[in-house]
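Notes for the one structure printed next.
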Amino acid sequence: MELSFRVEVNPLRLWRAPRLGTSQPGNARRSSSTNKSALTRASCACLVFFSQFSRASRRSKSSTVCKAQPSRPRLLLLGGCGRIGTAAAVHLMKRAPGPLEVILAGRKPERGKEAVEEVKAEVELGQGHDVSFCQVDWQKPGTLPLDGVDVLLHTAGPFDGEPTVLQEALEKRVPIYVDVADPMSYLDAAEALDDKFRDAECMALCSAGAFPGFSNILAMECAQRLRESGSNELQDLNFSYFTAGLGGSGPVNLLITNLGFGDPVPVFQNGKYAPQMVAGSEMRKVDFFLDEGDPAFKAVGRRDVWSWPFPEAGTVPRRLKIQGNSSTGMGTAPGIWNDILVALVSLVPRELWQQRGFSEALAYFSLPMVWVTDQFVKETHAMRVEATSPDGRNCVCVQTHQSFRRCVAQSAAEFVLHLLERRGFWGASPFPWQPGVYLPERLAEDKEVREELLERLTTTEGTISCGFQLGESC
């Protein structure tokens, strides 16, 4: 028995997906064939009206929103010359409601010139946008050109040390900081700066990519839908991901994956945080679709995944206070890569994966083989998030996209745009300015903020589908 709702997203049209009702699953399934079309049209019309009314109401009630900023925001993008960085810059300027200045920061001037040209080729700069390059080595403390910068977007991983860039942004009082970090140790150190960011009246959002990031928002929505169905407590929370093709994003993603094999997977067991040294093992099959009518069924289907230390398996259950277990895993294509990685992890000691020299050398060694296989594998990305209640009910979300690289970049860009509007750029925002250090799930605890973020994140160019299904776990 299940109640399902799925949206095939049109990236050129912004609208909020109708929320699941409280009908009994069996009744909803039997009546969907006759009523689904009319109900969807009516729901959309009502939601458009109430969305506009709600936002206007929030504007009138909120006394803590920022005043409108007179000038265009200035954004420094670390890793801006990489493939994820340029995709983020393009998306920012395509979706920003007003003029935006983007500075691509990198070490190599030749690559910087190419990156600027890449962005200009895809963006209409006649609307007040500007893109430029700045040579900088972000790993050297005190070298970041942060004077006059309104936003610092950090996509230059791996984030395997202390949050030094975040600390530098705090020292310079950069109003907005966003990164795509994933190690738990990094995030714990970042959250420890929450009081200092509040004192500085700055907002920082960490782990704001696709996974972690977008996936955290989906998990919070799944938990809320379970509550609305009558389940007040949460038992288990599972995250699964699939990527095929890196889209030319280079050796950094391979390095990050390799380093992760030496880290504990941050999971909950029996309601308690209990990290397990199981990265690269626990192979299992996951359905990256809701049913055979889901576009994700054809785009991705059923795939093998293995455990990997994505932080959301620890941070989101902690926020939601789950009673049971959490898990996180990823898989790739072609399937032979999964077998090779699992075999390597079983042979190579964990301590060796933790050594950056070894993991980096292996990343560069495997890069040519990855490049060759990418020519034959269609680039695809998928996420599946499942929340289960103690009474056996579950809510599943599956999101699919044409490109892992673009989904990461677009997600980070949308989080940036959300915070810029909170700051008062391009007009008054319905949401208050709330300084501090955030993870996405904390930001999404507010229902209206979560709905606004979902509206942004599920309507990006290249999205194949995103849907939720409420039913009973198998």
Assuming R0 = 25 Å, what is the FRET efficiency of Lys94 and Ala428, from their Cβ-Cβ distance, to the nearest 0.05?
0.65
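Can you sort Tyr273, Tyr364 so the residue with the fewest Cβ neighbours within 10 Å comes first?
Details: Tyr273 14, Tyr364 11.
Least to most surrounded, the residues fall as Tyr364, Tyr273.
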Any chance you could run the full-extension gain for Tyr273 through Lys378? It's 0.36 nm times the residue separation minus the Cα-Cα distance, nm to one decimal.
34.1 nm
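For the ranges 428-439, 109-120, what's the packing order if you count other beta-carbon atoms within 10 Å of each residue, average per peptide, and put the highest first? Intermediate values should be presented prior to the final figure.
Details: 428-439: 19.4, 109-120: 16.5.
Highest to lowest by the protection proxy: 428-439, 109-120.
Work through the residues other than Ala210 whose Cβ is under 10 Å from its Cβ and net out their charges, Lys, Arg +1 and Asp, Glu -1. Let's see the in-between values first.
Working: positive: Arg405, Arg406; negative: none.
Local net charge: +2.
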Given R₀ = 56 Å, FRET efficiency for Ile336-Lys172 by Cβ-Cβ distance, to 0.05?
0.75
Using 7 Å Cα-to-Cβ label points, what is the Arg198/Gln354 separation (nm, one decimal)?
3.4 nm
In sequence order, what are the phi-derived ³J(HN,Hα) couplings for region 214-227 according to the Karplus relation 6.51 cos²θ - 1.76 cosθ + 1.60 with θ = phi - 60°, rounded to whole Hz, with x for glycine and proline?
4, 4, 5, 5, 4, 5, 5, 5, 4, 4, 5, 5, 5, 4
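I need the peptides 159-165, 215-221, 189-195 ranked by packing, meaning the mean over residues of other C-beta atoms within 10 angstrom, with the highest value on top. Intermediate values should be presented prior to the final figure.
Numbers: 159-165: 18.6, 215-221: 28.1, 189-195: 16.9.
Averaged packing, sorted descending, gives the order 215-221, 159-165, 189-195.
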Using +1 at the Cβ of each Lys and Arg and -1 at the Cβ of each Asp and Glu in region 65-219, identify which of Asn216, Leu100, Pro158 lies farthest towards the dipole's positive end.
Leu100
What are the residues whose amide H is under 5 Å from the amide H of Ala181, where those residues sit 5 or more places off or on another chain and H is modelled from the backbone?
Ser207, Ala208
Spin-label pair Asp391/Ala343, simplified geometry with 7 Å Cα→Cβ offset, distance in nm
4.9 nm
Which shape class applies to region 214-404: rounded if a/c is under 1.5, otherwise prolate when a/b exceeds b/c and oblate if not, where a ≥ b ≥ c are the square roots of the Cα gyration tensor eigenvalues?
oblate
3J(HN,Hα) from dihedral phi, region 270-281, Karplus parametrisation 6.51/-1.76/1.60, rounded to Hz, x for glycine, proline:
6, x, 10, 5, 9, x, 10, 7, 10, 4, x, 10
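Which entries in Lys285/Lys378; Lys172/Lys447; Lys298/Lys447 show an alpha-carbon gap greater than 25 Å? Intermediate results must be reported in sequence, preceding the final value.
On the way: Lys285/Lys378 20 Å; Lys172/Lys447 32 Å; Lys298/Lys447 32 Å.
Listed pairs above 25 Å: Lys172/Lys447; Lys298/Lys447.
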How much of the DSSP beta bridge set in region 214-404 is antiparallel, as a percent to the nearest 5?
75 percent
Please give the charge dipole size of region 173-224, origin at the Cα centre, charges +1 on K and R Cβ atoms and -1 on D and E Cβ atoms. Round to the nearest 20 debye.
120 debye
List, in order, the whole-Hz ³J(HN,Hα) value for each residue of region 292-303 obtained from phi through the Karplus relation with A = 6.51, B = -1.76, C = 1.60 and θ = phi - 60°; use x for Gly and Pro.
5, x, 6, x, 5, 4, 7, 6, 10, x, 9, 9
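Expected output is a single nm value to one decimal: the length gained when fully extending between Leu367 and Glu162, i.e. 0.36 nm times separation in residues minus the C-alpha distance. What is it?
On the way: separation 205, 0.36 × 205 = 73.80 nm, distance 2.71 nm.
Extra length available between Leu367 and Glu162 comes to 71.1 nm.
Roughly how big is region 403-474's charge dipole about its Cα centre, with Cβ charges of +1 (Lys, Arg) and -1 (Asp, Glu), in debye to the nearest 20? Before the final figure, lay out each step's value.
Working: 8 positive and 11 negative charges, 64 e Å.
Dipole size: approximately 300 debye.
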Evaluate the distance, in nm, between pseudo-label points positioned 7 Å from the Cα of Lys113 and of Gln139 along their respective Cα→Cβ axes.
2.5 nm
Find which of Leu237, Gly293, Val348 sits farthest along the positive direction of the dipole of region 214-404, computed with +1 on the beta-carbon of Lys and Arg, -1 on that of Asp and Glu, about the Cα centre.
Leu237
Rounded, prolate or oblate: which fits region 144-280, taking a ≥ b ≥ c as square roots of the Cα gyration tensor eigenvalues, rounded meaning a/c under 1.5, else prolate when a/b beats b/c?
oblate
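Run the dipole for region 214-404 about the Cα centre, Lys and Arg Cβ at +1, Asp and Glu Cβ at -1, nothing else charged, and hand back the magnitude in debye, nearest 20. Numbers along the way, then the final one.
Numbers: 16 positive and 19 negative charges, 53 e Å.
Rounded to the nearest 20 debye, it is 260 debye.
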Can you tell me how region 390-468 classifies by the Cα gyration tensor, rounded, prolate or oblate, using a/c under 1.5 as the rounded cut?
oblate
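Computed from the coordinates by the stated procedures, all read-outs in this text should not be read as laboratory data. From a predicted model like this one, the values you see are computed outputs, not experimental measurements. Virtual Cβ from ideal backbone geometry, glycine too; neighbours counted across all protein chains shown.
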